[in-house]
Amino acid sequence: MANTTYDVVIVGAGIVGAACADEFARRGLRVAVVDRDVVGSGATAAGMGHIVVMDDSEAQFALTRYSQQLWQALRNELPAEVEYDQCGTIWVAADEEEMAEVRRKHDFYADRGVPTEILDAKRLKQSEPNLRDGLQGGLLVPEDAVLYPPCAARFLMQRAQQRGAELVLGASLSALGKGRVLLSDGLQLTAEIIVNAAGAWSAELTPGIDVKKRKGHLVITDRYPAFLRHQLVELGYLKSAHSVASDSVAFNVQPRRTGQILIGSSRQFGAEHKEVDQQMIVRMLQRAQEYMPALGQLSAIRIWTGFRAATPDKLPLIGPWPGDPSLFLATGHEGLGITTSLATARILVDQITGANPEIPIEPYLPSRASKEHAHA
Amino acid sequence: MPDQVSLKVNGASISVPSGTTVAVAMALAGQLCRTSVTGEPRGPLCGMGICFECRVTINGIPHCRSCQSPCEPGMEVASET
Ligand SMILES: Cc1cc2nc3c(=O)[nH]c(=O)nc-3n(C[C@H](O)[C@H](O)[C@H](O)COP(=O)(O)OP(=O)(O)OC[C@H]3O[C@@H](n4cnc5c(N)ncnc54)[C@H](O)[C@@H]3O)c2cc1C
Ligand code: FES
């Protein structure tokens, strides 16, 4: 490496770090990205790649919708290997209570300009013949999409490099902040701005960040073209994904361009080991087969795990870290970082360059967490 | 002469000595086992059930390893795309 001084040094070459690098470089800043592994090797390699609009909170909606539109604008530039496919999501309702949730979601999205369609039981079955009989219906969100995250991260990083960004791989950090990044081999990079984009490991590098690892499992099948057409997610997902106290599983399946099917999902706190937890896989596949019995006839070819970076209020941390004027965070994206990576990059770089962000940024500022602390 | 077994490979009838694997029947019939995601032709590689390169659809069940499946009378075998 010729230079060790930059405008910005980003730690973490996952999809969030890659998107930030691309955005900084696009606006003419001199960027270096450091990762101990390869591009897109962390949660980015483990994720499902569902580009999904969510309505947990106004802030979550704003970020996911903004980012989804950025992906839509980018779709024609994405190489084939990114496998971007606007297959749509169907939120599946198992009972009347969940059907009420379908109607609530429909109205919420209609008020905010997101097209959706309520499916009754018959239309649901026609849309996805492999779902079991007896489900109540669902909500089709046609603009939701899927993509293959590690290739998307690689595309963003390569574009950043074409725009002048430098990439330092295989470099573990010994320290970060106060305008510098110290690598374990003794090399020091200095910059006015350091971005911690180390995902589930960000709190190890910046003590005090309230980000916890939330483990997830995924299973991928062999190729079964036309078995599944949309990303399907059970509406009970919302109940289970939110129970921070206990381990949970949910029916969440995704059709891949290759005809393969990704089967998820699980959420665990306090599980720090990468190994597959057999009882989680059993629970997850049982849940999936309750909705789609025919899944039991397919052969799975691989199982893996990954770590989401979870925050207490389920919103990411994007902006300055109080206490170190050089340090900015772009982490805490939990199960939505593939979706929200592009918007994260935009609003982070907007803050730093003094540009006007397209959505209000306050809900994502890291200072909100320290404020909550002060009140607690 | 060993007993012969008749089966169908991609719609065409073929008769093979009993005990013949589907992989061999595919080869005798001059048919590919499958096509990879990138469109490349695929056929048996390890011949012992490990590599999964030789997958075919047998009697409507996709992804059967042809090297591990003996031919049976009336079997319908199809290449996979
Ligand atoms: C099972 C599962 C399913 C998911 N499904 C979806 C989905 O459908 N849609 C969606 O939008 N999101 C999904 N997610 C979430 C998504 O994968 C993550 O939010 C996203 O990948 C986060 O990207 P990142 O760049 O912040 O983190 P990562 O990809 O984890 O990148 C962090 C990087 O930092 C590097 N690093 C860490 N520590 C150090 C160090 N000390 N020195 C140097 N480098 C370091 C790591 O090597 C890594 O490359 C899913 C996650 C999981 C686990
Ligand atoms: S040839 Fe390897 S599994 Fe059949």
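We did not get these values from a lab; they are worked out from the coordinates using the rules stated. Owing to the predicted nature of the structure, the values given are computational and were not obtained by experimental measurement. Using ideal geometry, Cβ is built from the backbone for each residue, glycine included, and neighbour counts are taken over all protein chains shown.
Quick check on segment B:47-70. Is at least one of its residues part of a loop (DSSP other than H, G, I, E, B), in contact (Cβ under 8 Å) with a residue 24 or more places away in the chain, under 23 Å from A:ALA300 (Cβ atoms) and within 13 Å of ligand 2 (Cβ to nearest atom)? Quick ask: steps written out before the conclusion?
Taking segment B:47-70 and keeping what is part of a loop (DSSP other than H, G, I, E, B), we get B:47-54, B:59-60, B:69.
If we keep only those that are in contact (Cβ under 8 Å) with a residue 24 or more places away in the chain too, we end up with B:47, B:54, B:69.
In the following step, the residues that additionally are under 23 Å from A:ALA300 (Cβ atoms) were identified as B:54, B:69.
Still in the list and also within 13 Å of ligand 2 (Cβ to nearest atom): B:54, B:69.
Yes.
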Exercise for the section: Can you tell me which residue within segment A:282-312, out of those that are over 24 Å from A:GLU128 (Cβ atoms) and surrounded by 15 or more Cβ atoms within 10 Å (Cβ to Cβ), is farthest from the other protein chains (Cβ to nearest Cβ)? Expected result: A:THR311
Exercise for the section: Using the structure shown, decide if A:ALA191 is within 14 Å of another protein chain (Cβ to nearest Cβ), small (Gly, Ala, Ser) and over 18 Å from the mean Cα position of the chain (by Cα). Expected result: no
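Only residues that are in a loop (DSSP other than H, G, I, E, B), within 15 Å of ligand 2 (Cβ to nearest atom) and farther than 19 Å from A:ILE261 by Cα: list them for segment B:32-46, please.
Taking segment B:32-46 first, the residues in a loop (DSSP other than H, G, I, E, B) are B:32-33, B:36-40, B:43-46.
Narrowing the set further to residues that are within 15 Å of ligand 2 (Cβ to nearest atom) leaves B:32-33, B:36, B:43-46.
Within segment B:32-46, B:LEU32, B:CYS33, B:GLY43, B:PRO44, B:LEU45, B:CYS46 qualify.
Being over 24 Å from A:ASP37 (Cβ atoms) and within 14 Å of another protein chain (Cβ to nearest Cβ): is that true of A:PHE251 here?
Numbers: over 24 Å from A:ASP37 (Cβ atoms): yes; within 14 Å of another protein chain (Cβ to nearest Cβ): no.
Taking the combined requirement at face value, the residue does not satisfy it.
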Exercise for the section: Being more than 10 Å from ligand 1 (Cβ to nearest atom) and either assigned to a strand (DSSP E or B) or closer than 18 Å to A:LEU169 by Cβ (or both) is the filter here, so list the residues in segment A:184-206 that pass it. Expected result: A:ASP185, A:GLY186, A:LEU187, A:GLN188, A:LEU189, A:THR190, A:ALA191, A:GLU192, A:ILE193, A:ILE194, A:VAL195
Handout entry: segment A:263-309, residues that are free of Cβ contacts under 8 Å to residues at least 60 places away in the same chain and more than 16 Å from ligand 1 (Cβ to nearest atom)
Key = A:GLN278, A:GLN279, A:VAL282, A:GLN286, A:GLN289, A:GLY296, A:GLN297
Handout entry: Boolean, A:GLY332 is more than 14 Å from every other protein chain (Cβ to nearest Cβ) and touching a Pro at 6+ places or on another chain (Cβ under 8 Å)
Key = yes
Practice task
Just give me the residues in segment B:34-81 being more than 13 Å from every other protein chain (Cβ to nearest Cβ), surrounded by 13 or more Cβ atoms within 10 Å (Cβ to Cβ) and charged (D, E, K, R), in sequence order.
Solution key: B:GLU72, B:GLU76
Practice task
Taking A:ALA13 as meeting all but one of (1) small (Gly, Ala, Ser); (2) surrounded by fewer than 18 Cβ atoms within 10 Å (Cβ to Cβ); (3) within 12 Å of ligand 1 (Cβ to nearest atom), write down the number of the exception.
Solution key: (2)
